[in-house]
Amino acid sequence: MENILEVNNLQVSFKTFFGEVEAVRGISFTVPKSQTVAIVGESGCGKSVTANSIMKLLPDPPAFYKGGEILFKGENLVPKTEKEMEDYRGNKISMVFQDPMTSLNPTMKVGKQIVEGILKHEDISKEEAKQKAIEILDLVSVPEPEKRINQYPHEFSGGMRQRVMIAIAMVLHPELMIADEPTTALDVTVQAQILELMKKLQDELGMSIILITHDLGVVADMSNKVEVMYAGQILEEGSTDEIFYNTKHPYTKKLLASVPRIDMNKTDKLHAIKGTPPDLYIPPKGCPFYERCDEAMKICKEHMPEVTEHGEGHFCRCWLYHPMNEPNLERSDIND
């Protein structure tokens, strides 16, 4: 299957007063055409940094690309200038941000915010651009788009503001859309509507989606492929079915165990992962999940395992499933 995006060994760091923080540490993944790839993990694991790296929206300084490449249809985006990236943003790659209230300009009417992107990339009149804006608002199910186009963001509900954000992202029919927690702070009913809208637009326009989320219910409903991210690294990746029903990495297992189930009793407690992700100012030498893992071995603390394959397209980085080539690696090495 042809890939629209390839991320190869991407490394992104931040210069701080205390030193370098390695936010993304050598991740690689692909996004096939017309499919949805979900990047999941706890807060602070590098998901949003990865998304903003693809769009080149990170402020420089303090952020900088330490290595790797981001290939969009074969073109490496990493060395491109700000001016060159203007041809990609909105036109070929778009992004839906977490909070529409802070992403939309409160001093500008919604219609103007949609129109400015159209006029930036297309040589058409303002009247034609306005008509396109009305059509896209109608497409994302905003009622009375001719009237709503002249309203300000504060006059919209949370769900409607998110629909406007999707309209802005979709108006130029980009080939790739990055959705960074698009349903955060929305109630369950509106969340379902937004996800259904994204699937509908994907079917109609054939675009690819990168879905950044910590909600595994959304992942199960939306994605074809899952990247499990922790401490700036991808610990497991595979098709959605493989990740949910043939889980390998202990971190992925704990994430899945944290999801509320419909068959839970009132006395059942939600599973929580003890501890916190490691400080990436001084990244751990071995597996970053070592301190929180119930199945950790001594070797996990000192050495990060290589990637191993567990079926077509299913990869994992864990000593539990690694060929035992280390002469001193025994099951007795499991910590008490």
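For the reader, a short list of remarks on this structure follows.
- Backbone N within segment 162-196 under 13 Å of label point (7 Å from D203 Cα along the Cβ vector): 196
- Qualifying GluC sites (Glu not before Pro) in segment 117-190, where qualification requires a DSSP coil assignment and no more than 14 other C-beta atoms within 10 Å, comprise E122.
- Ignoring lysines fewer than eight residues from K56 along the same chain, the ones with Cα atoms less than 20 angstrom from its Cα are K15, K47, K66, K73, K80, K83, K92, K120.
- Inter-label distance, A272 to E302: 3.5 nm, where each label sits 7 Å from its Cα along the C-beta direction.
- Inter-site label distance for Y152 and V259 at 7 Å from Cα along Cβ, in nm: 4.2 nm
- When the GluC sites (Glu not before Pro) in segment 280-326 are filtered for DSSP coil states and for at most 16 other beta-carbon atoms within 10 Å of their beta-carbon, the remaining sites are E295, E306, E312.
- In order along segment 200-206, phi translates into HN-Hα couplings of 4, 5, 5, 5, 6, 9, x Hz, rounded to whole numbers, per the Karplus curve 6.51 cos²θ - 1.76 cosθ + 1.60 with θ = phi - 60° and x for Gly and Pro.
- Cα long-axis angle, helix 126-139 against the chain (0 to 90 degrees, to the nearest 10): 50 degrees
- Each part reduced to its alpha carbon centroid, segment 171-229 and segment 65-95 end up 21 Å apart.
- When shorter helices are ignored and each DSSP H run of at least 4 residues is given -39500 (n - 2.57), the per-residue value for the chain at 222 nm works out to -8500 deg cm²/dmol.
- Degrees, to the nearest 10: 158-170 long Cα axis against longest axis of the chain: 90 degrees
- Per-peptide average of other Cβ atoms within 10 Å, ordering 105-117, 162-174 highest first: 162-174, 105-117
- Amide H contacts under 5 Å for A38, placed H, 5+ residues apart: L211, N224, K225, V226, E227
- For the peptides 275-285, 73-83, the ranking by packing is 275-285, 73-83, with the highest mean count of neighbouring Cβ atoms within 10 Å listed first.
- Qualifying chymotrypsin sites (Phe, Trp or Tyr not before Pro) for segment 1-81 [loop in DSSP, other Cβ within 10 Å: at most 13]: F17, F18
- Distance between the modelled labels on T189 and E309, one decimal in nanometres: 4.8 nm (7 Å Cα→Cβ projection).
- Against the chain, whose longest principal axis is taken from its Cα atoms, helix 110-121 shows a tilt of about 80°.
- Normalised by the number of residues in the chain, the average gap of Cα pairs under 8 Å and 6 or more apart makes the relative contact order 20 percent.
- Fraction of antiparallel bridges per DSSP, the chain only, in percent to nearest 5: 60 percent
Only the coordinates and a few stated rules stand behind these numbers; no lab work does. In this text the structure is predicted, and so the values were computed from the model without any measurement. In this analysis, Cβ positions are derived from the backbone assuming ideal geometry, glycine residues included, and neighbour counts consider all displayed protein chains.
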